[in-house]
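As structure tokens, the structure follows; a few thoughts come after it.
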Amino acid sequence: MHRLALALALTLASGVAVFAEPPQSSPRPLPRPMLVGVAPILMASLLPLPGTARPALRPVAPAAVEAAMALALASAAPARSPRPAPRPPRSVAPAALVPPSTTIASASALAPAQSPPAPRRGLAALFAPRPPKPARGSICGDPGIAGTEIAAIPVSVTGCGLVGGVAVTAVAGIPLSQPARVDCTTAKALKRWVEEGVIPAIGRRGGGLARLNVVASYDCRPRNNVAGARVSEHGAGHAIDVAGFTLADGSTLTVLRDWSAESKLMRAIHASACGPFGTVLGPKADVYHRDHFHVDTARYRSGPYCR
Ligand SMILES: [Zn+2]
């Protein structure tokens with residue numbers, strides 16, 4: 001009875017050891033050798049022990065086991081993905097080219113290439129049937145925002161720069177005409193505006209909103225492209241310029257043409273950006289914005305600035 005209990009405990013602990021592997025993206029080396037298989041573990045644990053030389057088992061809380069299993073499920077897949085064999089020269093070169101100040105975003109992007117996956121065997125292999133996430137998955141922790149993470153753009157003397165930036169390709173299921181390079185705060189504001197403002201305002205007109213026509217996002221430049229002016233919020237990845245909207249039937253709504261022609265609708269769309277964004281500029285603001293809505297996430301103590 002005693003031996004059976006011990007065997008059970010060892011089996012359980014062996015399983016836990018397999019589950020508790022660190023994620024593949026971790027820069028740390030694996031702390032201990034991989035277990036070879038289930039059968040040998042079971043066999044060994046059922047045999048009488050020569051003395052009690054094994055280290056004492058640490059008690060593992062059920063919640064911790066669950067967490068470890070979830071981690072194993074999420075992290076085990078990359079080792080199974082059928083990607084080509086790593087090319088050593090290319091896996092090293094990007095790191096050497098990246099400036100020291102860019103480590104946050106680029107490090108995570110480069111991590112898989114720098115730490116080749118260890119072979120996975122035993123129980124972990126049984127729990128690795130699916131990849132952790134699709135290649136073009138959601139970003140910013142929001143399933144309603146699609147795109148990719150981008151390498152950090154170092155902060156420059158001009159005040160530009162974007163660390164932790166993303167290239168947004170769609171929000172709330174609506175594709176963007178070009179990827180918008182912004183920070184996650186701005187990506188989330190864009191999603192909120194499209195979901196709660198633009199889509200309802202357009203409704204079933206033309207079959208509904210089909211595309212957001214983005215004309216600018218991250219751009220290291222002075223405000224309104226006027227030399228000597230302060231750096232625009234575009235230079236910090238906080239701003240997006242939207243020239244109009246394509247509907248499902250192929251027709252378009254443009255700020256330039258429809259601000260007057262579709263006054264009520266376009267003004268409703270403009271107004272709905274005020275809140276999700278701290279600054280909203282359109283044709284009423286100045287001549288620079290006659291053909292697009294500028295929206296950015298700069299915040300003011302006096303509240304949103306919307307013109
Ligand atoms: Zn702008």
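The values are calculated or read from the model by the stated rules, or taken from the named source; none is laboratory data. Given the structure is predicted, the values throughout are model-derived calculations rather than measurements. So basically every Cβ, Gly included, is an ideal-geometry build from the backbone, and we count neighbours across all protein chains shown. Keep in mind that these areas ignore ligands, DNA and RNA; they rest on the heavy atoms of the full protein, side chains included. Shrake-Rupley method; radii C 1.70, N 1.55, O 1.52, S 1.80 Å.
A few comments on the model shown:
- Qualifying residue in the stretch 294-305 (condition: within 16 Å of the ligand (Cβ to nearest atom), open to solvent by 40 Å² or more (accessible area, probe 1.4 Å) and touching a residue at least 40 places away in the same chain (Cβ under 8 Å)): no
- Residue match in the stretch 203-222 (condition: more than 23 Å from ALA172 (Cβ to Cβ), within 23 Å of the chain's Cα centre (by Cα) and open to solvent by less than 40 Å² (accessible area, probe 1.4 Å)): no
- Screening ALA180 against (1) buried (at least 23 other Cβ atoms within 10 Å of the Cβ); (2) more than 23 Å from ARG299 (Cβ to Cβ) leaves a single unmet condition, (2).
- Qualifying residue in the stretch 272-293 (condition: open to solvent by less than 70 Å² (accessible area, probe 1.4 Å), modelled with pLDDT of 95 or more, away from the ligand (no atom under 12 Å from the Cβ) and part of a helix (DSSP H, G or I)): yes
- Pick from the stretch 154-177, criterion over 24 Å from GLU196 (Cα atoms), open to solvent by 20 Å² or more (accessible area, probe 1.4 Å) and not hydrophobic (A, V, I, L, M, F, W, C), ranking: farthest from the chain's Cα centre (by Cα): THR158
- Subset of the stretch 251-265 that is farther than 16 Å from VAL287 by Cα and either aliphatic (A, V, I, L, M) or within 15 Å of the ligand (Cβ to nearest atom) (or both) - its residue that is nearest to the chain's Cα centre (by Cα): LEU253
- Any hit, the stretch 228-241, residues being touching a helix residue (DSSP H, G or I) at 6+ places or on another chain (Cβ under 9 Å), open to solvent by 20 Å² or more (accessible area, probe 1.4 Å) and away from the ligand (no atom under 16 Å from the Cβ): no
- Which listed residue is closer than 18 Å to LEU176 by Cβ, open to solvent by 40 Å² or more (accessible area, probe 1.4 Å) and away from the ligand (no atom under 16 Å from the Cβ), from ALA268, ALA248: ALA248
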